[in-house]
Amino acid sequence: MSVHASPQSSRSLSCRSRQLSSAPIRFTLAHELGHLVLHSFRQSADPETEAHLFAGAFLVPDSRAAELIPPDSTLQQLARVKAGWGVSIAALVKRGEAAGTIDKDRVSTLYRQISSRGWRKEEPVHVGAETPRLLFRLLQDRYGENPYAAERIEHELAFPVMTLRALAPAPAAVGRSTTSRPVAQLRAL
């Protein structure tokens, strides 16, 4: 998989993947979103670590990490969490460490088990592909039926249209509901 985010460029996000599971894709996209959010307007001494921490917290917030990733976590438990949350087992181990729910010794043990089972390249539990819908609907509520045609969208959201299209693609017309209901309200700051 190849994904790159460039906060300084109008061509902000590109992604190519041959992965079968969406778990690594989800983490990589969250990581690149971290670069866009954290590094668009400031420099960092360690942008990769910051983007990794952002991705972990974005996909599994602290409030849920303590519940989902206990100190005595097993690979079997983490596989169940992966199935529900769509985050790889290795990323869940790292998230548990960052959230302070798993100590360094347990992290080391879990990584050794992952390696010995050959899960570094391919983990069990397939995570299917997703199509985001909520963000596009929020953009429609704020900017109209074709939100990317609104001239003010880039200025108000501080993201290039190309980035917004990558994060919130327009859903396919087939099977799309014709009834619209409010989901939330998006307001400019």
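The values are calculated or read from the model by the stated rules, or taken from the named source; none is laboratory data. If you're wondering where the values come from, they're calculated on a predicted model, not measured in any experiment. A quick note on method: Cβ atoms are made from the backbone with ideal geometry, for glycine too, and the neighbour counts reach across all protein chains shown. In case anyone asks, the SASA skips ligands and DNA or RNA and just uses the protein heavy atoms, side chains included. Shrake-Rupley method; radii C 1.70, N 1.55, O 1.52, S 1.80 Å.
Consider region 1-54 and keep the residues that are charged (D, E, K, R) and modelled with pLDDT of 90 or more. The one that is farthest from the chain's Cα centre (by Cα) is Asp46. Screening Ser88 with (1) more than 28 Å from Thr163 (Cβ to Cβ); (2) among the hydroxyl-bearing types (Ser, Thr, Tyr); (3) open to solvent by less than 60 Å² (accessible area, probe 1.4 Å) gives one miss only, at (1). Of the helices (runs of 4 or more DSSP H) lying entirely inside region 35-145, those containing at least 1 residues that are touching a Lys or Arg at 6+ places or on another chain (Cβ under 7 Å) are 47-59, 62-68, 89-99, 104-116. Assess whether Arg95 counts as being of a type in the set (Lys, Arg), in contact (Cβ under 8 Å) with a residue 12 or more places away in the chain and open to solvent by less than 60 Å² (accessible area, probe 1.4 Å). Spelling it out, Arg95 is indeed of a type in the set (Lys, Arg), in contact (Cβ under 8 Å) with a residue 12 or more places away in the chain and open to solvent by less than 60 Å² (accessible area, probe 1.4 Å).
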